[in-house]
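In what follows, a structure is listed as structure tokens, so that the remarks can point back to it.
No lab work stands behind these numbers, since they all come straight from the coordinates. Worth saying up front: this structure is predicted, and the values here are computed from it rather than measured. Backbone-built Cβ (ideal geometry, glycine too); neighbour counts: all protein chains shown.
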Amino acid sequence: MQKNLLDLLCRKSSLSYIVFDKDFCIVDAKSPMIEKSSDVRNFLWEIVGLEEHILALPTTEESLEIPMLLRGGDYYDLTIEYFEKTTNGDLFIIYIQQKQKQTYEYANVIKEINKKTLLMETKKNLRTISFHVDIDTLTGLANRHFFLKSIDKFIAEEDSFNICFIDIDQFHIINEEYGAHAGDMLLKHITALLESLKKENDLLARVEGDLFALLFESQKSQESISILIKEINNLKNTPLNYSAEDTIEFTLSTLLLSYPTDAQSAKEFLQEEAKKMKKLKIDKKLSR
């Protein structure tokens, strides 16, 4: 192929080329990437990133296609073909088409995918972390942290509301007699019973140890609260069948506190509960 015809073809197709002989010496070239170099293998290694041993010399009926070789963030399509026979021997040609724009598009798409994936994973992890921060791992109820936050929110938004604290009587004795596992099973048993009684908009929490709490919606009437507390006290009639040999009976103490009558902050609710629950249990013990 004549050189001017080859140049015209490459200009129209935006191709660069390198013509070289069987000893890999560059005879002619049209490429802004090529500096003065006598060996096409150096170019392929230093500029494109093609290992020397990959380079094969095709026959007149063969071509070697090497798509998208990565070097410095750019892609190239390389085609190595037999070019022509001259008086000095056979010549070969490499057509080079750079895919820089396509590379950037691919890179941007990949970056966007990675960014969205990372964002989704981050949000998922934050939801998981938030869940564990607010949930009691044993019972699955709202924990002390979430319960106190809810009280603060109610104080900020409501004129009045009620909280019923529920404590298991002599829970430490049950733990000593049956073991810690039985104590955990009893906590789960009572959790299920309390959940079956509470209404949809009431918040049931495990505040600490064997202390539960029901934060009632502000519109709940005193009559409905009284009925619910009576049902809670009657849960003593539903003992835990811990094993074939062991049935664990229990009783509960309930204490109703109101905002703003009994307490004006989450901290005051807990202080008031500790003081009044202690007195309530002493009175129950003395009355037996």
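Some observations on this one:
- 18 Å Cα-Cα reach of residue 30 towards aspartates and glutamates, excluding residues that sit fewer than 8 places from it in its own chain: 7, 21, 39, 46, 77, 81, 84
- Note on residue 258 and residue 271: their simple-model spin labels are 2.1 nm apart, each label 7 Å out from Cα toward Cβ.
- Above-threshold pairs, the threshold being 26 Å between Cα atoms, out of 149/236; 198/285; 199/285; 230/275; 153/279; 236/285: 149/236; 198/285; 199/285; 153/279
- Highest-first packing order for the peptide set 223-235, 136-148 is 136-148, 223-235, based on the mean count of other beta carbon atoms within 10 Å.
- Space enclosed by the convex hull of the alpha-carbon atoms of segment 144-287, per residue, Å³: 117 Å³
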